[in-house]
Amino acid sequence: MKVSCLVANFRILLLLRRLFVACIFFYFLFSGFFVEAKCVFVFPRGVADGDTVFLSNGLHLRLALVDAPEINYEGGLSQYYAKKSKNFLWHLIKHRQLCLRNLTKDRFGRLLAQAYLEDGKWINFLLIRKGYAFYFPHKGEFNKILLRAQRLAMQEEVGFWKRILSLPAAAQVFLGNKKSRRFHTLECKFGRKISSRHRRIFSSLYEAFYFGYAPARCCTIWPLE
Ligand SMILES: [Zn+2]
């Protein structure tokens, strides 16, 4: 009697284990499906620069985790490579439907998203991988993969990296802020205000970008053209 009871318990345990494995399998299968389904389709009607798209619905789309050199920086000349970045983005997306994922809004009311073409090309990734934009750290998914793409672009010196990394100013020391993940020049008053707890010292521009810090607006060494 006791033996048959043990056998019955064992069978129940085996059944429960199979049920558990099946649940895990279906969870991953369908969670993947629902992530795929979360795609908002939009049409571009123009671009402001290499990271901002004007949409046909009147909204502005800011490509997430990406920052491109600016056209008419602070109302003046454009930053080095800004026009090339803008042209690259526009040629990539014009007359094509965009699929937006991980969609949120920023504090200016712009849409913030990862954007894909129908053939699966990931626009945010391509901009960084080809040296038309740099990685702009922010919370959320895809930080690691985009930083890896930037490291490859830097190593291969594609796009703007060849000139940017060989600027005389690129050899100086930079001060990073571990909290904001931005870096400043040594001369910058905001850089000097970073507390020792949050300060990270980089021996070159290469090192600052390599570790995924982005240039602070207050003291960027990015050349104009
Ligand atoms: Zn600064």
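The values are calculated or read from the model by the stated rules, or taken from the named source; none is laboratory data. Remember, it's a predicted structure, so these values are computed and weren't measured experimentally. For neighbour counting, all protein chains shown are included, and Cβ atoms are generated from backbone atoms with ideal geometry for every residue, glycine included.
Before moving on, here are some points about what is shown:
- Here residue 77 meets the list (1) within 16 Å of residue 116 (Cα to Cα); (2) surrounded by fewer than 18 Cβ atoms within 10 Å (Cβ to Cβ) almost entirely, failing just condition (1).
- Yes/no for residue 114 being among the polar types (S, T, N, Q) and within 26 Å of residue 222 (Cβ to Cβ): yes
- Residue 218 meets each of the listed conditions (1) within 11 Å of the ligand (Cβ to nearest atom); (2) within 19 Å of residue 147 (Cα to Cα) apart from (2).
- Scanning the range 47-87 for residues that are at positive phi and free of Cβ contacts under 8 Å to residues at least 60 places away in the same chain gives 58, 72, 74, 75.
- The C-beta contact set for the range 196-225 (first residue under 11 Å from residue 183 (Cβ atoms) and at pLDDT 95 or above, second residue of a type in the set (D, E, K, R) and assigned to a loop (DSSP other than H, G, I, E, B), distance under 6 angstrom, 6+ apart or interchain) comprises 200/178; 213/181.
- Residue ID - surrounded by the most Cβ atoms within 10 Å (Cβ to Cβ), chosen from residues in the range 171-191 that are over 22 Å from residue 139 (Cα atoms) and more than 9 Å from the ligand (Cβ to nearest atom): 174
- Within the range 134-162, the set of residues being in a loop (DSSP other than H, G, I, E, B) and among the acidic types (Asp, Glu) comprises 141, 157.
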